[in-house]
Structures are given as structure tokens and as C-alpha cells.
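A quick write-up on the structure given underneath.
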Amino acid sequence: MRHGKKVNHLGRKTAHRKAMLANMACSLIEHKRINTTVAKAKALKQFVEPLVTKSKEDTTHNRRIVFSKLRNKYAVTELFRDVAPKIGDRPGGYTRIIKLGNRLGDNADMAMIELVDYNELYNAGKPAKKKSTRRGRTKKASAPVAPAPETTNSEEE
């Protein structure tokens, strides 16, 4: 049974794992996408998504919380200044994992993890218009249209 085994230890001690995830998160924020193994990408997704949620509200407290996890002031600045405004309206799911196949040397499953709103290929095909919903009839449709008055020619009769 796997009760209470939420964290993937990735074959590392706690300090090494936290340092590795912080470095990978800084690289992801700086480059917007990185290539890594599938297991590390899934662990990084769990690590970085709460930080992106924190960055939506720019307060000193949130900056300090994020800095305590990332340990890189340049990555924190980029996260709060550039990334957060772009994903501000998204309710979650800030990262995407795309599997790439196996690595040549050791046959490890590789994946690319990226920030969702920074991929131009996925966003280019969709128009950037806001979805509108109709909640009732429009003014034109609700007003009855009167028929055109018939003209009678006396010559036709």
C-alpha cells in the first residue's frame, strides 16, 4: 500500500531534491520550457504551480514565500513581473508536459515541460477573441417587422 507517499523522492536526499527542484523551476521561469525526465517534470509541476499561483498577487509576503522556495531573486522578479500578468486570468494548469520519447544513453523517458501561455504554436491557431454568450433576444429580433405596404396600380385591374 502507498499510504502517505505523495512526494516522489527521485532517488535523492531531501536537501538535494529541494535544491534540484528550485534550480529547475528557475530555469523554467527563465527559459519558459525545459527538457527533463518525465518523473522530474511531474515533480517540478507540483513544485512550481503553487508558486505561480502565489505570484498572481504581488505582495511582499508572497514574494518572500516564493523566494524561500526558489532562492533566486532574478527568477522571482521575472515570475512576478512577466509571467504573472500573462497568466493572471487562468484558474490553474500553468504548465504542460509533452512526452518526447526515450533518451539515447540510458533509455529514460524524456519530456518537455513548458509554461502554457508562452507556446506560440498552440496559441497561434486559435483566434484571440472573447467568447460571447447570448442570454436573450436582441433588440432587432424582438421588434416585429411590419410588412411593406402594397401599392395598387389601377392599370393592373
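The values are calculated or read from the model by the stated rules, or taken from the named source; none is laboratory data. Keep in mind it's a predicted model, so treat the numbers as computed, not measured. Using ideal geometry, Cβ is built from the backbone for each residue, glycine included, and neighbour counts are taken over all protein chains shown.
Just a few scattered comments:
- Every condition in (1) surrounded by 14 or more Cβ atoms within 10 Å (Cβ to Cβ); (2) in contact with a helix residue (DSSP H, G or I) (Cβ under 9 Å, 6 or more places away or on another chain); (3) of a type in the set (A, V, I, L, M, F, W, C); (4) farther than 17 Å from residue 71 by Cβ is met by residue 7 except one, and the failing one is (1).
- Single residue of 20, 24 found to be of a type in the set (A, V, I, L, M) and surrounded by fewer than 19 Cβ atoms within 10 Å (Cβ to Cβ): 20
- Residues that are farther than 12 Å from residue 40 by Cα and in a helix (DSSP H, G or I), drawn from the range 8-17: 14, 15, 16
- Matching residues, the range 102-120, being assigned to a strand (DSSP E or B) and out of contact with any Asp or Glu (no Cβ under 8 Å at 6 or more places or on another chain): 109, 110, 111, 112, 113, 114, 115
- Any hit, the range 28-37, residues being in a helix (DSSP H, G or I), in contact with a Lys or Arg (Cβ under 8 Å, 6 or more places away or on another chain) and of a type outside the set (Val, Ile, Thr): no
- Residue count for the range 88-102, restricted to those that are touching a residue at least 12 places away in the same chain (Cβ under 8 Å) and either exposed (fewer than 11 other Cβ atoms within 10 Å of the Cβ) or farther than 14 Å from residue 44 by Cβ (or both): 6.
For (1) in contact with a strand residue (DSSP E or B) (Cβ under 6 Å, 6 or more places away or on another chain); (2) farther than 20 Å from residue 83 by Cβ; (3) at pLDDT below 95, each residue gets a yes or a no:
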site: 100; (1), (2), (3): yes, yes, no
site: 103; (1), (2), (3): yes, yes, no
site: 107; (1), (2), (3): no, yes, no
site: 116; (1), (2), (3): yes, no, yes
site: 124; (1), (2), (3): no, no, yes
site: 140; (1), (2), (3): no, yes, yes
site: 144; (1), (2), (3): no, yes, yes
site: 148; (1), (2), (3): no, yes, yes
